[in-house]
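Quick notes on the structure that follows.
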Amino acid sequence: MSTRTPLMAGNWKMNLNHLEAIAHTQKLAFALADKDYEAVEVAVLPPFTDLRSVQTLVEHDKLKIKYGAQDISAHDGGAYTGEISGPMLAKLKCTYVAVGHSERRQYHHETDEIVNAKVKAAFKHGLTPILCVGEELEVREAGNHVSHTLAQVEGGLKDVPAEQAATAVIAYEPVWAIGTGKVCGAEDAQEVCAAVRGKIAELYSQDVADKVRIQYGGSVKSGNVAEIMAQADIDGALVGGASLDADEFVKIVRFRDQ
Ligand SMILES: O=C[C@H](O)COP(=O)(O)O
């Protein structure tokens, strides 16, 4: 039986302005009870422009919801127009930061080298990276989904020391299942997540592999979360669309009741 605490993280993507973010976080906080936080770590990943508002609300109301960003610059500061640095996110007391989301890889051409630099930037500033990996449809159809995903894991964690790697979160998100309603079968997701854990054991040790939390992401909803969470190597979900509906996200957090 795993001792890893499940992590349910809502990736809001480019949705909700800072006022909507406050209302949404308040709704979540009102619905969630202490017993939920005892069983599951709950986090939201709002757009950058919402983070200060979410921080203020969380601190003022002493909420147990954690929060983080959807991206981080590889650089600590300087002439990088439009980027947000690790020190800025740390100052906002972010816990998490998503790194290498497939939408960043696809639309912003982030390579494994860039993703690796961002993972290191996160650790450097005390943030926990949620390293996103996963294959496109044609890769899965060619049967290369495991090797493709493991190469992203290895690239993302290159030269990351074991004590940092042990605290990382890895999100396996098959690209073809993101926002499409096509959920990856629970056993298919488990196949890749088990292989990811095996790769961490190979790169570091079994002890590190046993500590790393691996999430599944891709059309997670209250109706499919229980089956996904029943898999031995899946320790949570990175939830996109369904996290924008507070009632639905709360049901996902309460996956054991489904
Ligand atoms: O980061 C979240 C994923 O991209 C999943 O998004 P989705 O739940 O809308 O499919």
- [ ] Give the accessible area for MET88 in Å² (nearest 10); use a 1.4 Å probe, count only protein heavy atoms, and leave out ligands, DNA and RNA.
- [x] 100
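Quick one: of LYS211/LYS251; LYS35/LYS251; LYS27/LYS221, which pairs are farther than 20 Å apart, Cα to Cα? Intermediate results must be reported in sequence, preceding the final value.
Numbers: LYS211/LYS251 26 Å; LYS35/LYS251 13 Å; LYS27/LYS221 18 Å.
Distance filter (> 20 Å) returns LYS211/LYS251.
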TODO: Quantify, in whole percent, the carbon and sulfur part of the accessible surface of the chain (1.4 Å probe; protein heavy atoms only).
DONE: 53
TODO: Please list 134-145, 36-47 highest first by mean number of surrounding beta-carbon atoms within 10 Å per residue.
DONE: 36-47, 134-145
Open item on the list: Please report the spacing between the Cα centers of segment 168-232 and segment 46-101 in Å, no decimals.
Closed with: 24
Task: segment 36-44 - phi-based ³J(HN,Hα) in whole Hz, Karplus 6.51/-1.76/1.60, Gly and Pro as x - done: 5, 6, 5, 8, 9, 8, 10, 9, 10
- [ ] Leaving ligands, DNA and RNA out of it, rank LYS35, LYS118 by accessible area with a 1.4 Å probe, largest first.
- [x] LYS35, LYS118
Task: the chain: relative contact order as a whole-number percent, Cα under 8 Å and 6+ apart - done: 20
Open item on the list: With every protein chain left in place and a probe of 1.4 Å, what is the accessible surface of ARG256, to the nearest 10 Å²?
Closed with: 150
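Classify the chain as rounded, prolate or oblate, taking a ≥ b ≥ c as the square roots of the eigenvalues of its Cα gyration tensor: rounded when a/c is under 1.5, otherwise prolate if a/b is larger than b/c and oblate if not. Numbers along the way, then the final one.
Details: a/c = 1.45, a/b = 1.11, b/c = 1.30.
Rounded.
Placing unit charges on C-beta atoms (Lys and Arg positive, Asp and Glu negative, everything else neutral), compute the dipole magnitude of segment 48-102 about its Cα centre in debye, rounded to 20.
Numbers: 6 positive and 6 negative charges, 55 e Å.
Dipole about the Cα centre, nearest 20: 260 debye.
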Task: Residues whose placed amide H lies under 5 Å from that of ILE214, excluding near-sequence neighbours - done: ILE170, ASP235
Task: Local electrostatic count at GLU135 - Lys and Arg +1, Asp and Glu -1, tallied over other residues with Cβ under 14 Å - done: -4
Task: segment 54-142: mean projected area of Cα convex hull, nm² - done: 7.0
Task: Under-5 Å amide H pairs with VAL44, H placed in peptide plane, nonlocal only - done: GLY10, LYS66, TYR67, GLY68
Open item on the list: Can you give me the long-range amide H partners of VAL99? Hydrogens built in the peptide plane at 1.01 Å from N, cutoff under 5 Å, separation of 5 or more residues or another chain.
Closed with: ILE130, LEU131, CYS132
Open item on the list: Whole-Hz ³J(HN,Hα) for each residue in segment 73-86, computed from phi via Karplus 6.51 cos²θ - 1.76 cosθ + 1.60 with θ = phi - 60°, x for glycine and proline: what do you get?
Closed with: 6, 6, 9, 7, x, x, 7, 10, 3, x, 8, 10, 8, x
- [ ] Leaving out ligands and nucleic acids, note down the accessible area per residue over the chain with a 1.4 angstrom probe, in whole Å².
- [x] 45
- [ ] Assign unit charges at the C-beta atoms only (+1 for Lys and Arg, -1 for Asp and Glu), then state the dipole size of the chain relative to its Cα centre in Debye, rounded to the nearest 20.
- [x] 680
- [ ] Apply the Karplus parameterisation 6.51 cos²θ - 1.76 cosθ + 1.60, with θ equal to phi minus 60°, to every residue of segment 199-210 and state each ³J(HN,Hα) to the nearest whole Hz, in sequence, with x for glycine and proline.
- [x] 5, 5, 4, 5, 6, 10, 6, 5, 4, 5, 4, 6
TODO: Report the full-extension gain for the segment ASP36 to GLU138: residue separation times 0.36 nm, less the Cα-Cα distance, to one decimal in nm.
DONE: 32.9 nm
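The values are calculated or read from the model by the stated rules, or taken from the named source; none is laboratory data. A quick note: this is a predicted structure, and the numbers were derived from the prediction, not measured. Glycine gets a Cβ as well: all are built from the backbone with ideal geometry, and neighbour counts include every protein chain shown. Ligands, DNA and RNA are stripped out before the accessible areas are found, and what is left, the full protein with its side chains, is counted by its heavy atoms. Shrake-Rupley method; radii C 1.70, N 1.55, O 1.52, S 1.80 Å.
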